[in-house]
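Asker: If you scroll down you'll find the structure; I have some questions about it.
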Amino acid sequence: MTEPETAGARDPGGFADRIRTELAVLDAELIEIELLVQQARSEAERHETKRSQTADRVATIRGSATPNQTDLAEASGQLVQLTRRAVMMESQVDVLQGKQKALGRYRDALERYGGELRGVADGGGWSAADALPSASGAVPGAAGQGAAGLDDGDVPAAVSRLVLTAQEDLRRDIARAMHDGPAQSLTNIVLQAQIVDRLVDRDPALARAEVKALIAMVQATLEATKSFIFDVRPMVLDDLGLVPTIRRAARDRGRRAQIAVDFDSLGTDRRLAMELESGLFRMIDQALAGYLSMAPRRVVIRLDWGDQVEARIAAVAEPAAGPSEEAPGETTPATPAADTGSSHALPAKAWREIVQRAGTLGVVAELLADGNEVRLVAQVPADETSPGSDDGPATAAD
């Protein structure tokens, strides 16, 4: 690294200028993606129109008194090809929109960090006492990892490495998930469509059966793509908030794992800051996935709303106890006891990720009951009082 580059990395103002340059590149990429989305959407609509017209033609030929088999085979082949193209274009639109939203959120975060760095530069640089916020107290055992133990000159380089590493990890995970999921399914659809294409002339009856199989594959791929998008960034979190998103995650993960997942939301939920809402969901979802991987009898998630938000995620070995003998009107049921053994303890990797995210957001994270229960507590700013829906206890078990 040359001396000017090193100086620029150590200077918060120079670092903010580099972020501004990255923002310009991101803006150009977002404009390009928007154009691609519009083009893909137009192509998808065009293919869907042709597919609908061809489907009507096939239905007309079949409904005639003496259908022409040659015309029927030709129209059926066109229908299969147009269906395949329409599905692929719709999938491309979904992928592009997902990338567009992810880049948009990343751009907003980068712009915010650039503004904070510019504030550091205007306030005197890295040597200022308040240049780095301390995260002590956010997570048990995290004290002592704030600004005091970092060398001023190493901070920008360390931050840069962390950001780049996080970006590459995210891209690798998305690429692997796309390759193993939707991309593989689309490949199978193409192969199935080729089989149908070859059968249309030789055996129209068998081709119709294969078309039904093709439709089923398209539907399954669509569901898998929706699940993939939910895992990357659940849109319901932006639209409806934390409670509906956790309810859906509990239902879907429990169904896939064949393990009952009980979800209770107590009190009046509300919308939180985007970073806190997203971070709480990720931590709860990580704990849920970690416990389900240990195959307990069931997993219990409880969310308590008040001046602070408290979340408890527990792996339970024994069946739920019967109703308690409480007076009518009481709304504070006891938390189900977590499994006290070690077989269902949260995996260490999941706990490390939760601790890292909690420390960033200032959320208190505790591991209880020998690792069989996670407790998260987040302070809610006084101005975040927009009411949500008070759904009361809700069960998401299949």
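The values are calculated or read from the model by the stated rules, or taken from the named source; none is laboratory data. Note that the structure is a prediction, hence the values are computed from the model and not measured. Here the Cβ is made from the backbone with ideal geometry for all residues, glycine too, and neighbour counts use every protein chain on show. The area values use the complete protein model at the heavy-atom level, side chains included, leaving out ligands, DNA and RNA. Shrake-Rupley method; radii C 1.70, N 1.55, O 1.52, S 1.80 Å.
Asker: Working only within region 306-317, note down all residues that are over 18 Å from LEU292 (Cα atoms) and more than 23 Å from the chain's Cα centre (by Cα).
Answerer: GLY306, ASP307, GLN308
Asker: Tell me whether region 218-234 contains one or more residues that are within 30 Å of ASP269 (Cβ to Cβ), of a type in the set (A, V, I, L, M), open to solvent by 50 Å² or more (accessible area, probe 1.4 Å) and not in a helix (DSSP H, G or I).
Answerer: No.
Asker: Given LEU206, LEU237, LEU272, which one is open to solvent by less than 40 Å² (accessible area, probe 1.4 Å), at pLDDT 80 or above and part of a helix (DSSP H, G or I)?
Answerer: One residue alone meets the criteria, LEU237.
Asker: Considering ARG251, ARG298, which residue is open to solvent by 30 Å² or more (accessible area, probe 1.4 Å) and farther than 22 Å from ILE174 by Cα?
Answerer: ARG251
Asker: Would you mention how many residues in region 13-54 are closer than 30 Å to ASP122 by Cβ and open to solvent by less than 90 Å² (accessible area, probe 1.4 Å)? Even if it seems obvious, please write down each step before you answer.
Answerer: Step one: filter region 13-54 for residues closer than 30 Å to ASP122 by Cβ, giving 13-30.
Next, from what is left, pick out any that are open to solvent by less than 90 Å² (accessible area, probe 1.4 Å): 13-17, 19, 21, 23-30.
Number satisfying all stated conditions: 15.
Asker: Okay, next question. Among the residues of region 275-293, count how many are open to solvent by 10 Å² or more (accessible area, probe 1.4 Å), in a helix (DSSP H, G or I) and either of a type outside the set (D, E, K, R) or closer than 22 Å to ALA317 by Cα (or both).
Answerer: Selection size over region 275-293: 6.
Asker: When the residues of region 254-263 are narrowed to those that are closer than 19 Å to ALA317 by Cβ and open to solvent by 30 Å² or more (accessible area, probe 1.4 Å), which ends up modelled with the lowest pLDDT?
Answerer: ALA257
Asker: Condition test on VAL190, is it hydrophobic (A, V, I, L, M, F, W, C), more than 30 Å from ALA315 (Cα to Cα) and surrounded by fewer than 19 Cβ atoms within 10 Å (Cβ to Cβ)?
Answerer: Spelling it out, VAL190 is indeed hydrophobic (A, V, I, L, M, F, W, C), more than 30 Å from ALA315 (Cα to Cα) and surrounded by fewer than 19 Cβ atoms within 10 Å (Cβ to Cβ).
Asker: Exactly one of these conditions fails for SER91: (1) among the hydroxyl-bearing types (Ser, Thr, Tyr); (2) more than 26 Å from GLY279 (Cβ to Cβ); (3) open to solvent by 70 Å² or more (accessible area, probe 1.4 Å); (4) in contact (Cβ under 8 Å) with a residue 24 or more places away in the chain. Give me its number.
Answerer: Failed condition: (3).
Asker: Right, another one. Quick one: GLN78 ticks every box in (1) surrounded by fewer than 17 Cβ atoms within 10 Å (Cβ to Cβ); (2) part of a helix (DSSP H, G or I) except a single one, so which number is it?
Answerer: Here GLN78 clears every test but (1).
Asker: Across region 211-254, what is the total count of residues that are of a type in the set (Asp, Glu) and under 30 Å from ILE195 (Cα atoms)?
Answerer: Residues flagged as of a type in the set (Asp, Glu) and under 30 Å from ILE195 (Cα atoms) within region 211-254 amount to 1.
Asker: Within region 55-67, take every residue that is β-branched (Val, Ile, Thr) and in a helix (DSSP H, G or I) and give me the one that is least open to solvent (accessible area, probe 1.4 Å).
Answerer: Here the residue is VAL58.
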